[in-house]
Structure formats: structure tokens, C-alpha cells
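Participant: This structure is in C-alpha cells; I'll ask about it shortly.
What follows draws every value from the coordinates through simple rules; no lab data is involved. Just so you know, these numbers come straight off a predicted model, no measurement behind them. When we count neighbours, we look across all protein chains shown, and the Cβ atoms used for this are built from the backbone with ideal geometry, even at glycine.
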Amino acid sequence: MKKLSWFNKFIFLLNSFFATLLLLSYALPYVFPRSFPTLSVFSLSVPILITLNIVFLCYWVLRFKKQFLLSFIILLAGYGHLKAFYRFSGNDQVKREAGVLSVMSFNVRHFNVYKWIPDDDVDQKIIDFVREESPDVVCFQDFHKDKESAFKDYPYHHYVYKQKNNSNGNAVFSKYPIINKGVLDFPSKGNNGMYVDIVKAQDTVRVYNIHLESHRINPDKEALTKQNSERLFKRIGNTFALQQTQAEMVAVHKKGCRYKKIICGDFNNTASSNIFKLIRGDMKDTFEEQGSGLGRTFVFKFFPLRIDFILVDEGLEVLSHKNYDQKLSDHYPVKSDIGL
């Protein structure tokens, strides 16, 4: 430190602060939101902390200073978190074969029925996009009832709406027979979980489609005043606590299934959270296996968020993972090719 200028000493002080926060964040997957709702909110900041430490690392390396070791060691210690945040290489294309099932997950935000995106044909663009990509199974969150007949290429389907008079819910479309289906019935006003058992050739696989509790926060409209920030912080903490109950329901339900399992959905939380850890268990994250880049799945103007996932059992092979950049919703679709 003695050889550093006053400016670099200040930079290293900031570096130490954010490196410490990142180190502490590694414990967040073990923090239960119901017990520590406020602390759990910091799981959303992990991508920022990783990015800042990478910036500090590059800063010191370019100046040939040994201070780079601080962020380097802490990033290395959290390699699992880094892998969930960014992958340098992966595979996003697989030749369709008999033993491969392609699965897409997409929160379509009601097919833009409320005109959040100022285009008149967003709903048709979504339909055309799915038709062009032609996955074997499509899991929709925030599905709108009016589009039940839009996907004629899929003879098998299952819809779940929270209430009988509700037009919004989850849907699964499949090119292969659905022999069983059900609902998880989350304690929520609008969000829910569902599952289908799909048969392809001699293989039966269970596909879960889950949509965990939403934050209902619009970053473009929420003013970040001190009073409002405190209110938002508390609201997110309460949402995380409810997500924990929903995640526990998924974890218990999947244990009772004898088939290989695939879990798709909008978790409304990151891979650094206890919520994700509860649902994932010993399953594989398709992005970590075959993804590339940041893996952003949510349109957020401040930093990239990956809150939409496809998880598969250890006995299944992840052949590819693709993140799309079509802005047809506030979420980006993801797809994976899975060897049965």
C-alpha cells in the first residue's frame, strides 16, 4: 500500500469493500427468506458485485499491481457463482435426433395484451417465433387464454389458470403425448405451478412449468426516492418469503416423482438465491452446462438478470442451451436440447 498513490489507495479501499460484500454474498443461498427477508434481497445484487470485482481485477492487472489478487482470489473462491453468472463458451445448436427433447421456457407477459410494447402485432410475432424455433415442448408463463388455439402444431397441451374467471396463467404445449398432468396450486393470487408427464418413444419425462411470486415492480416507473426505496425493499423481502413456500412445494413434489424431471419457469429470483437452491437440489442448470455469455433473461435497464431457468435431472444430458434476444416481452425466451 505504501507504493500506491492516494488515488489508488482510495480505489483499493473501494475494492476491499465490494470484495468483502461479494464474499459475504456466497452465503446467501443458505439464508432462508422467511427468517431473513431483508438480507435475502441482496441476492439480486450478486451480478453487480461480480461485475465490480471483475472491473477492479482488470484495473490492477493493467497497472501491474499485486492488488489484483484480492478480487482474483474471491472470484475464484466463488467459481460456482461466477459460472452461474457468465459462461465463456457453450453449444446453442443440436441436430434433432430420436433421443433428444427440445424444451423452451418463455414468460410472454399476456402476449402484450395491455400494450406494454407499442407494437400492434407482438402477439403474432411471439406465435411466429415459437413456430419457427419449433421446440418439442413449450412452457409459457403469463399465458393468455385467448391464445389457446394459436399453436396448432402442438396437439397436446395443458392450461392452468389461477381462478375460473381468470384469463392469465401457465400453459404447456407438447408435440408428444401427455399421459398425466396436474397443478401445484401455489399460495398466491396470480402465480402458480403445474406439471405434465410426456412420453417420447420409450421415455417418459415429467416437465414442471413454474412461475414463482412476482415482485410487480416496474423499474421504469418506480421512483428511487429514499421512502420509496425502503418500501420496495420491504416488498421484495416479503415476496422472497412467499417464494420460499412455493419453492418448498416444488422441492417436495418432485421428490415423489419416479420419472426423470425437467423444471422450466420464471423463478423471479437469481441463481444466487436460496429459492433457486431449494428448487434445483442436485439438478443441472442448462445454462451452466451449455450456455454462453451473461445469460440475461429479464429486461432490466440497470444490470443483467437471469431469472428464467431450465433444470434437468442428473440422468439427463444437456446438449445445448440458447438465450434469445427477441424483445417480445419483459422476459427473453430460453431453450435447451436434452438427451433422454
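Participant: Let me make sure I get this right: for segment 114-196, a, b and c are the square roots of the gyration tensor eigenvalues over alpha carbons, sorted descending. Under 1.5 in a/c it's rounded, otherwise prolate if a/b > b/c, else oblate. Which is it?
Facilitator: Working: a/c = 2.28, a/b = 1.11, b/c = 2.05.
Oblate is the answer for segment 114-196, as a/c is 1.5 or above yet b/c matches or exceeds a/b.
Participant: Per the helix-only calculation at 222 nm, which mean residue ellipticity applies to the chain, given -39500 (n - 2.57) for every DSSP H run of n ≥ 4 and division by its residues, nearest 500 deg cm²/dmol?
Facilitator: Dividing the helical sum by the residues of the chain leaves -10500 deg cm²/dmol.
Participant: What is the set of long-range amide H partners of PHE300 at a cut-off below 5 Å, with H atoms built 1.01 Å from backbone N?
Facilitator: LEU305
Participant: Order 85-91, 165-171 from most to least packed using the mean count of other Cβ atoms within 10 Å.
Facilitator: For the peptides 85-91, 165-171, the packing ranking is 165-171, 85-91.
Participant: In addition: For ARG96 and TYR26, compute 0.36 nm times the residue count separating them, minus their Cα-Cα distance, and round to one decimal in nm. Before the final figure, lay out the partial values.
Facilitator: Values: separation 70, 0.36 × 70 = 25.20 nm, distance 3.83 nm.
Extra length available between ARG96 and TYR26 comes to 21.4 nm.
Participant: Same structure again: Take each uninterrupted DSSP H stretch in the chain, measure its Cα extent along the helix axis, and return the ones at 27 Å or beyond whose mean Kyte-Doolittle hydropathy is at least 1.0.
Facilitator: Both cut-offs are met by 6-25.
Participant: Give, as ranges by residue number, the residues of segment 324-339 whose backbone N falls under 17 Å from the point 7 Å along Cα→Cβ of ILE117.
Facilitator: Answer for this model: 324-335.
Participant: Sticking with this one: For segment 185-215 and segment 88-155, what is the separation of their Cα centres, given in Å?
Facilitator: About 16 Å separates the Cα centre of segment 185-215 from the one of segment 88-155.
Participant: Using a Förster radius of 45 Å, what is the FRET efficiency between CYS58 and GLU132 based on their Cβ-Cβ separation? Nearest 0.05, please.
Facilitator: Values: r = 39 Å, r/R0 = 0.87.
Between CYS58 and GLU132 the formula returns 0.70.
Participant: Kindly rank 133-140, 117-124 from highest to lowest mean number of other beta carbons found within 10 Å of each residue.
Facilitator: Ranking, from highest mean packing down: 133-140, 117-124.
Participant: Using R₀ = 22 Å, calculate the FRET efficiency as 1/(1 + (r/R₀)^6) where r is the Cβ-Cβ separation of LEU13 and PHE303; round to 0.05.
Facilitator: FRET efficiency, LEU13 to PHE303: 0.45.
Participant: Which one, (i) 1.04; (ii) 1.20; (iii) 1.60, gives Cα Rg over 2.2 N^0.38 Å as derived from the coordinates shown?
Facilitator: Answer by label: (i).
Participant: About the Cα centre, and with charges only on the beta carbon of Lys, Arg (+1) and Asp, Glu (-1), how big is the dipole of the chain? Nearest 20 debye, please.
Facilitator: 1300 debye
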